[in-house]
Amino acid sequence: MSAEMERPVAGPNYAAAARDAVLAGVIALGVFGPLIGFKTEQNMNNQLVVENRWGIVIVIVAIVVIGRFLLKAFVFPALVTRKANAGPASTDESFFKRNFKTIGLAFLLLYPVIIVSMLGYQQSIKWVDNFGIQILIYVMLGWGLNIVVGLAGLLDLGYVAFYAVGAYSYALLSSHFGFSFWLLLPLSGILAAMWGVILGFPVLRLRGDYLAIVTLAFGEIIRLVLINWREVTNGSAGISSIPKVDIFGWITFNVADPTYIGKILDLPPSSAYYKIFLYYLILALALFTAFVTLRLRRLPIGRAWEALREDEVACRSLGINTTNTKLTAFALGAMFGGFAGSFFAARQGFVSPESFVFLESAVIVAIVVLGGMGSMVGVAIAAAAMIGGTEILRELSFLKAVFGPEFNPDQFRMLIFGLAMVTIMVWKPRGFVGNREPTAFLHEKKSVSGSLVQEGHG
Amino acid sequence: MAEMIPSWETNPILSVEHVTMRFGGLVAVNDLSFKAGRGDITALIGPNGAGKTTVFNCITGFYKPTQGMLHLRHADGKPFLLERMPDFKISAKAKVARTFQNIRLFSGMTLLENLLVAQHNPLMIASGMTVLGVLGFAGYKKAEKHSIERAEYWLNKIGLYDRADDPAGDLPYGAQRRLEIARAMCTEPELLCLDEPAAGLNPRESGELNELLLGIRRDENTSLLLIEHDMSVVMEISDHVVVLEYGTKISDGKPEAVRNDPRVIAAYLGVDDEEVEQVEQALDVVTEEAQQ
Ligand SMILES: Nc1ncnc2c1ncn2[C@@H]1O[C@H](COP(=O)(O)OP(=O)(O)OP(=O)(O)O)[C@@H](O)[C@H]1O
Ligand SMILES: [Mg+2]
């Protein structure tokens, strides 16, 4: 690649970056074209034949070009500006950074449209389902847990228990009683919140490590109950054929129904419609979580959560009932977990205790911590990186060509996961978004440096 | 007549009656009784480890006294038995606010937010226990505006109005002390307990603090109880001084009376020379003022 010295340029210079990227691409093509593009193979008659592997070459060259462009256009200037004004945060942020939330939201809304128009309905399923829906579930779980861990500073290692309560509430009540999703969604949330209060009552007297351990145990207990209470939960075999969600009974997603969406809208039958619908459903649920959390942060209860994280003793000296305040945080976090759980059950059509192991809790906590405790945007980025990252690993099967057919990138998931987390925590110890946004201001809004913000202790 | 019976005996806001606090074998407070007068600045002094902070923790409910009673009576006559109330209710219902010897601000929150958290209870009611607030009812907006005005009032009083949007943890030490007092005052207390408010302040800041405390007594219908090592502060602003040593009360009276008490002088002689000097200098100042 070009060994040109980096000139310290301030803003991103897209033209120069593009030129550089093309150059790097040409070089990569020159290097990898012959090396990887041609492969000799013996055919039936022991003749040596050349096989072309242009697909892989294109992928590699594309990675080089895009990578070079990103480095040149964003990473290097960012590093330079960071070095230039180390200390005070720069006031003139880039357009991208300033409008990050709007751009992100627009992207999320258009995502299925983009994918479908690029790949067609049938091919879009994987991208909408494995990436879109999967990531958004974790965004929602991250935002829910963010209330408990990020705002109130209570380390809850058993969050997945509430996710399980929501999922099983929907699974059981819909398959036994045939209740609709739209009734069971709020009900699952309420049931999960109730469990949050039941657990919270004895547990929230504990602080720090003790709270973490007890919540961890609670998560495991719920899972063991699900495994062993066979009569109700069908044990580790789980519950299958959970009814699909429909649009208030007007439109359904079962091909056999007269109200099937394909028949109503005169489209060929495809399972993609249901996935796209689910995508928008989870997007709406996640945005609802974000909306409520943002509202709550500006209300006295949200400020009390953050004050609790900062100093519990001071809170009590100001007349704040800390037990109730913690309980509301716990219950609300659990409620959003329950919503996500019932969505999960509806989307999978199948639930089993396997889905609610401790690793899930750990992943959600990791998302909150990586994102930067208390930051909604940070949590969303972290969820996209962690969940999207693991999904991408599944897509790397072309690496088999490099490392041989036994190579399974999925096996390295945890390893890469751990490495990435360590790297990020070294690079940004406060998570992706380390600054805290104040909830009220008199003169001008200034974000608070993460180093002053406490992490909570129980 | 008023000369004979001190005002704190006739109209006390707080009566501490035979309070004892034991930690295992250690008697931190031993059968302590005193009264704090309504509208007075009462100072609780004594050498290190005398049990002053422990008394505060009993008054504000952070410790439950082993024995004894703590009576509080509001200006409207409403009585409270503090030893029976949980700590947050002592602040919310009995209207006793406090500051801490080692400052406890919400350091990652802005000054304004610190003062808003102090108004949690009225704001919580205004937000309909959050429900109406989430739905965006107008009543809450009004209540919040009112709270912000109160916060502005106190920010002006402590001279930190311009720094309202900075994190509390960024403030210099003296300003943090004042902010903690303002935060306590935002709960609209009847009794304000200050644990060594002048500790670590330079003479100018200490003077400003005196002004602030006198202003609170004058304007706010709040009685003050303060622990202080800085004798100049004690002698200059307090109406009544209670002296503790090893958890036992050794003197109680007007500053002029306490300064001449041989037991007080002995107690301070037992500590260190610097503090004795401080006592003596302060006493001289007061004597001179009294003679003029
Ligand atoms: N929670 C506790 N557990 C055990 N002992 C305690 C506790 N709190 C205070 N003590 C002890 O009680 C005694 C009085 O402590 P206290 O903090 O009330 O003194 P103080 O008068 O405030 O001293 P200083 O001027 O240094 O602040 C000390 O011997 C202290 O060690
Ligand atoms: Mg003390």
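The values are calculated or read from the model by the stated rules, or taken from the named source; none is laboratory data. Remember, it's a predicted structure, so these values are computed and weren't measured experimentally. Counting neighbours? That spans all protein chains shown, and the Cβs are built from the backbone with ideal geometry, glycine included. When the accessible area is computed, the model is the full protein with side chains, heavy atoms only, and any ligands, DNA or RNA have been set aside. Shrake-Rupley method; radii C 1.70, N 1.55, O 1.52, S 1.80 Å.
Ignoring lysines fewer than eight residues from B:Lys141 along the same chain, the ones with Cα atoms less than 20 angstrom from its Cα are A:Lys445.
Here the 3J(HN,Hα) profile of the range B:236-251, calculated from phi with Karplus coefficients 6.51, -1.76 and 1.60 at θ = phi - 60°, is 6, 10, 8, 9, 7, 10, 10, 10, 10, 9, 6, x, 10, 6, 10, 7 Hz, Gly and Pro shown as x.
Each Lys or Arg adds one and each Asp or Glu subtracts one; over the other residues with Cβ under 14 Å from the Cβ of A:Glu306, this totals 0. If the cut-off is 19 Å between C-alpha atoms, which lysines fall inside it for A:Lys326, apart from same-chain ones fewer than 8 positions away? By straight Cα distance, A:Lys326 reaches B:Lys89. Peptide A:288-301 shows a mean partner chain C-beta count of 4 within 10 Å per residue C-beta. For the range B:205-247, the convex hull spanned by the alpha carbon atoms encloses 77 Å³ per residue.
Of the cross-linked pairs A:Lys97/A:Lys275; B:Lys52/B:Lys249; B:Lys52/B:Lys93, those separated by over 19 Å at the C-alpha level are A:Lys97/A:Lys275; B:Lys52/B:Lys93. Computed over neighbours whose Cβ is under 13 Å from that of B:Asp165, the net charge equals -3, Lys and Arg +1, Asp and Glu -1.
Average projection, convex hull of the Cα set of the range B:105-187: 5.0 square nanometres.
Cα-based values for chain B, radius of gyration first and Dmax second, are 19.7, 65 Å.
The gain in end-to-end length when the A:Asn99 to A:Leu119 segment is fully stretched comes to 4.4 nm, 0.36 nm per residue minus the alpha carbon separation.
Other residues within the sphere of radius under 9 Å centred on the Cβ of B:Met109, judged by their own Cβ, net out at -1 (K and R +1, D and E -1). Scaled against the 2.2 N^0.38 Å expected of a compact globular protein of N residues, the Cα radius of gyration of chain A reads 1.11. Given their separation in residues at 0.36 nm each and the Cα-Cα distance between them, B:Asp162 and B:His74 gain 28.2 nm when the chain is fully extended.
Per residue of peptide B:82-89, the mean number of Cβ atoms on other chains within 10 Å of the residue Cβ is 3. Over the residues of chain B, the helix contribution to mean residue ellipticity at 222 nm works out to -12500 deg cm²/dmol, using -39500 (n - 2.57) for each DSSP H run of at least 4. Looking at chain B, the DSSP beta bridges with both ends there are about 60 percent antiparallel.
Axis angle, to the nearest 10 degrees, between helix B:173-185 and the longest C-alpha principal axis of chain B: 70 degrees. Note on B:Arg22 and B:Gln67: the extension gain reaches 15.3 nm, defined as 0.36 nm multiplied by sequence separation minus the Cα-Cα distance. Here the range A:203-243 yields Rg over Rh of 1.22, to two decimals, using C-alpha coordinates and the Kirkwood radius. Residues A:Glu354, A:Glu455, B:Glu113, sorted by accessible area with the largest first, give A:Glu354, A:Glu455, B:Glu113 [1.4 Å probe; ligands and nucleic acids excluded].
The calculated P(r) of the range A:306-432, using every Cα pair and 5 Å bins from 0, goes 2, 9, 12, 16, 16, 15, 13, 7, 4, 2, 2, 1, 1, 0 in percent. Take A:358-364, B:118-124, A:74-80, A:97-103 and order them by the average number of nearby Cβ atoms within 10 Å per residue, most first; the result is B:118-124, A:358-364, A:74-80, A:97-103. Semi-axes of the equivalent ellipsoid of the range A:20-62 are 28, 8, 4 Å, computed as sqrt(5λ) over the eigenvalues of the C-alpha gyration tensor in descending order. If you run the Gaussian network model on chain B, springs between alpha carbon atoms under 10 Å, then out of B:Leu26, B:Leu111, B:Leu171 the most flexible one is B:Leu26. Between helix B:203-219 and chain B there is an angle of about 70 degrees, using the helix long axis and the longest principal axis of the Cα atoms. Our analysis of the range B:1-140 gives Rg over Rh at 1.06, with the two radii drawn from alpha carbon positions and Rh computed by the Kirkwood formula. Taking a span of 18 Å or more along the helix axis (Cα atoms) and a mean Kyte-Doolittle hydropathy of at least 1.0 as the rule, the DSSP H helices of chain A that qualify are A:14-37, A:54-70, A:100-126, A:160-177, A:181-203, A:208-228, A:272-297, A:358-371, A:376-395, A:413-427.
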